[in-house]
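*Asks:* Structure provided below as structure tokens; questions to follow.
The values are calculated or read from the model by the stated rules, or taken from the named source; none is laboratory data. Since we're looking at a predicted model, the values are computed, not measured. We place every Cβ from the backbone using ideal geometry, glycine too, and count neighbours over all the protein chains shown.
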Amino acid sequence: MYIRILGSAAGGGFPQWNCNCPNCTGVRTSSIRTSARTQSSIAVSADNKSWVLFNTSPDILSQLQSFDKLQPHRTIRDTAIVAILYVDAQIDHTTGLLMLREGCPHHIYCTDMVYQDLTTAFPIFSMLEHWGGNTIHTIACDGQSSFNIEKIEQLSFTAIHLDSKAPPYSLHRHNPHIGDNIGVFIKDNHSGKSLFYAPGLNVISDEVKSFMHQADCVLIDGTVWRDDELVKLKISNKLASDMGHLPQSGKGGMIEVLSDPKLNNSRKILIHINNTNPILNEDSEERKILIKNNIEVAYDGMDIEL
């Protein structure tokens, strides 16, 4: 299995266009050791030829241009993307679909709740009917029903419900539904290797923990270092947990979760990293703590092979 990190930042990217936090100022002035990042998205393949795109960030065009494997090579109009899978209906995970309108219809996999949001509150599916629409495949997220995708049958996909938040514009924002957010367990049926992908995660349920323990690589929510990170910087009055993200530090935080001995043989990588998170500074004490705990930080262009 091949995994390409197309974008590793949370919404707004890094640096964020209107932010003067220490990280954003540091990357603009080259005063800290770091690298710019686009908004979260990955691509997965079994053969390095046919790819499933996970989410379509607002930065999708530059992400596709940066990865030769997704460039048109065969016919006058062409793509190596055989399907798109959405883990939620957030703006920073879906807006880029509008930039792919010339390729409609796409094969899109999502839950009923994501389909509902993207045809009502943020109706990009409905808008794209004018360009030929898309073929929608709704998926269950019971943690038991695996599915395959045409042209990439070597991989099996299992969706797992996550306790997080629906988008602010969703009818479910304050009335959570199963399917608002999912993690995905991807298994290569030839090699037996597997990936657990969850860029937005607030609570580690027993089911989530079970899939993490099975995975050879855990690619997981790295949004913030501390729960009150945005409050301390006077950027917001909301805690990370209010927005559906589990911080890395503190009791029960992501570092503690990933330090489980059952994950000792797994590769552990943080993705969806907010511009305020000190782990973006490669010389920070927080980054040193991650290194000590064998936890990596995703970056744009990172390749993972399982």
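*Asks:* Please indicate, with yes or no, whether at least one residue in segment 218-239 is polar (S, T, N, Q), surrounded by 15 or more Cβ atoms within 10 Å (Cβ to Cβ) and within 27 Å of residue 65 (Cβ to Cβ).
*Replies:* yes
*Asks:* Just to confirm my filter: which strands (runs of 3 or more DSSP E) fall fully inside segment 123-197 and include at least 3 residues that are surrounded by fewer than 21 Cβ atoms within 10 Å (Cβ to Cβ)? Walk me through it before giving the result.
*Replies:* Values: elements: 135-138, 142-147, 155-161, 182-188.
So the answer is 135-138, 142-147.
*Asks:* Can we say residue 246 is at pLDDT below 95, under 21 Å from residue 23 (Cα atoms) and either in a strand (DSSP E or B) or in contact with a strand residue (DSSP E or B) (Cβ under 9 Å, 6 or more places away or on another chain) (or both)? Give the steps one after another, and end with the answer.
*Replies:* Numbers: at pLDDT below 95: yes; under 21 Å from residue 23 (Cα atoms): yes; either in a strand (DSSP E or B) or in contact with a strand residue (DSSP E or B) (Cβ under 9 Å, 6 or more places away or on another chain) (or both): yes.
So residue 246 fits the description; yes.
Results for (1) out of contact with any Phe, Trp or Tyr (no Cβ under 8 Å at 6 or more places or on another chain); (2) more than 17 Å from residue 199 (Cα to Cα); (3) not hydrophobic (A, V, I, L, M, F, W, C), shown as yes or no for each residue.
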{"residue": "11", "(1), (2), (3)": "yes, no, yes"}
{"residue": "23", "(1), (2), (3)": "no, yes, yes"}
{"residue": "32", "(1), (2), (3)": "yes, yes, no"}
{"residue": "37", "(1), (2), (3)": "no, no, yes"}
{"residue": "43", "(1), (2), (3)": "no, no, no"}
{"residue": "60", "(1), (2), (3)": "yes, no, no"}
{"residue": "75", "(1), (2), (3)": "yes, yes, yes"}
{"residue": "91", "(1), (2), (3)": "no, no, no"}
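*Asks:* Considering each of 120, 94 in turn, give the residue that is surrounded by 15 or more Cβ atoms within 10 Å (Cβ to Cβ), among the β-branched types (Val, Ile, Thr) and without any contact (Cβ under 8 Å) to a residue 60 or more places away in the chain.
*Replies:* Numbers: 120 fails: surrounded by 15 or more Cβ atoms within 10 Å (Cβ to Cβ).
None of the other options fit; the residue is 94.
*Asks:* Continuing with this model, one more query. Within segment 59-79, does at least one residue satisfy the condition of being modelled with pLDDT under 95 and under 19 Å from the mean Cα position of the chain (by Cα)?
*Replies:* Within segment 59-79 (the criterion being modelled with pLDDT under 95 and under 19 Å from the mean Cα position of the chain (by Cα)), the answer is yes, since at least one residue qualifies.
*Asks:* It is to be established whether one or more residues within segment 211-220 are over 18 Å from residue 16 (Cα atoms), in contact with a Leu (Cβ under 7 Å, 6 or more places away or on another chain), assigned to a loop (DSSP other than H, G, I, E, B) and modelled with pLDDT under 95.
*Replies:* Within segment 211-220 (the criterion being over 18 Å from residue 16 (Cα atoms), in contact with a Leu (Cβ under 7 Å, 6 or more places away or on another chain), assigned to a loop (DSSP other than H, G, I, E, B) and modelled with pLDDT under 95), the answer is no, since none of the residues qualifies.
*Asks:* Let me confirm something: among 56, 29, which residue is of a type outside the set (D, E, K, R), surrounded by fewer than 22 Cβ atoms within 10 Å (Cβ to Cβ) and farther than 14 Å from residue 271 by Cβ?
*Replies:* On the way: 56 fails: surrounded by fewer than 22 Cβ atoms within 10 Å (Cβ to Cβ).
Just one listed residue meets the conditions, 29.
*Asks:* Restricting to strands (runs of 3 or more DSSP E) lying wholly in segment 9-90: which have 2 or more residues that are polar (S, T, N, Q)?
*Replies:* Values: elements: 41-45, 51-54, 81-85.
Correct list: 41-45.
*Asks:* Pick out the one residue from 270, 290, 230 that is at negative phi and assigned to a strand (DSSP E or B). Show your work before the answer.
*Replies:* On the way: 290 fails: assigned to a strand (DSSP E or B); 230 fails: assigned to a strand (DSSP E or B).
Answer to the selection: 270.
*Asks:* Could I ask something else about it? Residue 140 fails exactly one of the following numbered conditions: (1) of a type outside the set (Asp, Glu); (2) modelled with pLDDT of 95 or more; (3) over 15 Å from residue 84 (Cα atoms); (4) in contact with a strand residue (DSSP E or B) (Cβ under 6 Å, 6 or more places away or on another chain). What is the number of that condition?
*Replies:* Answer for residue 140: the failing condition is (4).
*Asks:* Kindly indicate whether any position in segment 10-28 is under 16 Å from the mean Cα position of the chain (by Cα) and under 14 Å from residue 303 (Cα atoms).
*Replies:* If we filter segment 10-28 for residues that are under 16 Å from the mean Cα position of the chain (by Cα), which is where we start, we get 10-14.
From the residues that got through so far, the ones that are under 14 Å from residue 303 (Cα atoms) too are none.
No: zero hits.
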